[in-house]
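Every number in this text was worked out from the coordinates using simple rules, so none of it is lab data. Just so you know, these numbers come straight off a predicted model, no measurement behind them. No Cβ is skipped: glycine too gets one built from the backbone with ideal geometry, and neighbour counts run over all protein chains shown.
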Amino acid sequence: MRRKFVAGNWKMNCSLSEAQQLAQDICTSLEKEEISVDVAICPTFLCLSSICSLVKDFQKQGGSDIGVGAQNLHWENKGAFTGEVSAPMLHDMGCSYAIIGHSERRTLFGETNEAVSKKALAALQSGLLPIVCIGETLEERENEKTEEVLRLQLEGSLAGLSPAQVEACTIAYEPVWAIGTGKTASPEMAQTVHAFIRNYLTQKYTSAIAQSIRIQYGGSVKPDNIRELINQPDIDGALVGGASLKADSFSEIIKLCSL
Ligand code: PGA
C-alpha cells in the first residue's frame with residue numbers, strides 16, 4: 001500500500017515572519033491529530049533554514065513529522081551559478097524534498113525536460129526526494145494531446161535515472177489549466193491520467209516500481225474536493241498551492257487524506 005503524501009507549495013509567498021507563523025499554525029492544528037500520511041511544506045529558499053528548525057522542534061515535542069522541501073534547485077553542486085542553490089546545500093539545511101519541473105518553472109523560466117532530469121538526479125544524489133511535476137496545457141488537452149505530452153515529459157524528466165532512483169521520486173500530475181484557476185480536473189478525469197502514468201511506469205520499468213511510486217494530483221486542490229480525488233485508486237496525495245497558504249485549509253486537506 002502506498003502511503004499518501006500531501007505537500008504544500010508556497011511558491012513566492014510569505015515573508016520570513018509570515019512563513020514562521022504559517023508553519024507554526026500548521027503544526028498547532030496537526031498537534032493532536034493522528035496523521036497517517038506524509039506531509040511536506042515547501043517555502044521559499046529564504047525561509048527554509050528557519051522552517052526546518054521549526055518543524056524539527058515540533059517533532060521533538062512529540063508532534064508529527066513534517067518534511068520540508070525546496071521549490072527548485074540547480075543540478076551542479078557548487079560553482080559560478082549566480083543566484084542558484086544546490087541540492088547538497090538544501091540537504092545540509094535539513095530539506096528532505098525538492099519540487100522539480102513545476103509548470104511555472106517550465107513555462108515562465110524555460111525549464112526543459114532535460115534540465116528537470118538533471119535536477120532530479122542531483123536531488124537524488126544528495127539525498128533529497130524529488131517531486132517531479134508534469135501536466136498538459138488546456139490547448140494540449142483540447143487537441144487530445146494529453147497522453148503524448150505526458151509521455152514525453154515522463155520520458156525526458158526521468159531520463160538518466162536508474163529504476164531505483166525513479167522509484168524514489170514522487171510524480172505530481174498537475175494539469176496546467178487547473179493550477180491557481182479554481183478549475184479542478186474531475187476525479188474521474190484525474191484518475192484516468194494517473195492510471196495512464198502508472199501504466200507508462202509499468203511498461204518502462206516494472207510493475208513493482210510503478211506500484212510503489214506515489215502520484216500526487218495538483219491543481220486547485222481544496223478541502224471540499226480532496227475527498228473525491230483521494231478516493232481514486234491511483235491518486236496518492238496532493239501538491240497543494242493556494243490552499244496550503246492557510247493553515248486551516250492545508251491541515252484540513254491532510255486530515256481528510258488521513259481518514
Ligand atoms: P494551486 O497550485 O493549488 O494553487 O492550483 C498547485 C500547484 O501549482 O502546485
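Details
- Highest mean first, the peptides 130-137, 41-48, 178-185 sorted by other C-beta atoms within 10 Å per residue fall in the order 130-137, 41-48, 178-185.
- Extension gain, D57-D224: 0.36 nm per intervening residue step, less the Cα-Cα distance, totals 57.0 nm.
- Between the beta carbons of E31 and M93, assuming R0 = 25 Å, the FRET efficiency works out to 0.50 to the nearest 0.05.
- Cα centroid of the stretch 195-211 to Cα centroid of the stretch 87-117, whole Å: 23
- Cβ-based charge dipole, the chain, positive-most Cα from A190, V6, Q59: Q59
- Out-of-range pairs (alpha-carbon distance over 29 Å; input K183/K255; K119/K204; K60/K118): K60/K118
- Stokes-Einstein diffusion coefficient of the chain, Kirkwood radius over Cα pairs, 20 °C, 1.002 mPa s, in µm²/s: 118
- Estimated distance in nm for a label pair at L138 and E188, the labels positioned 7 Å out from Cα along Cα-to-Cβ: 2.2
- Relative packing of 96-105, 2-11, 240-249, which averages over residues the other C-beta atoms within 10 Å, highest first: 96-105, 2-11, 240-249
- Under the span-like rule (Cα at least 15 Å along the axis, Kyte-Doolittle mean at least 0.5), DSSP H helices of the chain: 45-60, 247-258
- Under 5 Å, built H, 5+ apart or other chain: amide partners of V68: I41, S96, Y97
- Available extension along the chain between M1 and T112 is 36.7 nm, counting 0.36 nm per residue and deducting the alpha carbon span.
- Expected 222 nm ellipticity per residue - DSSP helices of 4 or more, -39500 (n - 2.57), all of the chain, to 500: -14000 deg cm²/dmol
- Centre-to-centre, using Cα atoms only, the stretch 23-76 and the stretch 118-193 are separated by 23 Å.
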